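The values are calculated or read from the model by the stated rules, or taken from the named source; none is laboratory data. Please read these numbers as outputs of a predicted model, since none were measured by experiment. In this analysis, Cβ positions are derived from the backbone assuming ideal geometry, glycine residues included, and neighbour counts consider all displayed protein chains.
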Amino acid sequence: DSKLNSMEDLVNAYKADQNGTAIGGGSVPGSMDHLVAAMTIKAAGEDPTALKYIPYDAGGKAMAALLSGEIKALSTGFSEAVALAKQGEVKILGV
């Protein structure tokens, strides 16, 4: 179970260990998933170009990476995560 329970937790984890706080998405670098993650990091006062974004070629693969712990967070559409959140499999930290 992830210790990240809020966006503040994610930002603090990122500030403490940028390289160890990989954020994934179901699309290529420069895509909406990547840009949303980078804008979140920028809003937290950090350098968005330092973000370790890991692209996956599909949302399902990205979700599997989150569930396995390969990535710390996933930037994705709400509809892709809500069912797993209702089951207690993932936590939605922001919308």
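Can you work out which of the residues in the range 72-95 that are touching a residue at least 24 places away in the same chain (Cβ under 8 Å), in a loop (DSSP other than H, G, I, E, B) and under 17 Å from Asn5 (Cβ atoms) is nearest to the chain's Cα centre (by Cα)? Step by step, filter the range 72-95, then rank; the result is Lys72. Do we have any residue at all in the range 33-51 that's touching a helix residue (DSSP H, G or I) at 6+ places or on another chain (Cβ under 9 Å), crowded, with 17+ Cβ neighbours inside 10 Å and part of a loop (DSSP other than H, G, I, E, B)? Checking the range 33-51: at least one residue is touching a helix residue (DSSP H, G or I) at 6+ places or on another chain (Cβ under 9 Å), crowded, with 17+ Cβ neighbours inside 10 Å and part of a loop (DSSP other than H, G, I, E, B).
Taking Pro55 as the residue in question, decide whether it is surrounded by 15 or more Cβ atoms within 10 Å (Cβ to Cβ) and at pLDDT 95 or above. Yes. Of everything listed in (1) closer than 16 Å to Ala13 by Cβ; (2) assigned to a loop (DSSP other than H, G, I, E, B), the single unmet condition for Pro29 is (1).
Against the list (1) of a type in the set (Gly, Ala, Ser); (2) out of contact with any strand residue (DSSP E or B) (no Cβ under 6 Å at 6 or more places or on another chain); (3) crowded, with 19+ Cβ neighbours inside 10 Å, the condition Gly88 fails is (3).
Does Ala64 meet the test of being in contact with a helix residue (DSSP H, G or I) (Cβ under 8 Å, 6 or more places away or on another chain) and either not in a helix (DSSP H, G or I) or not charged (D, E, K, R) (or both)? Here the answer is no, as Ala64 does not meet what is asked.
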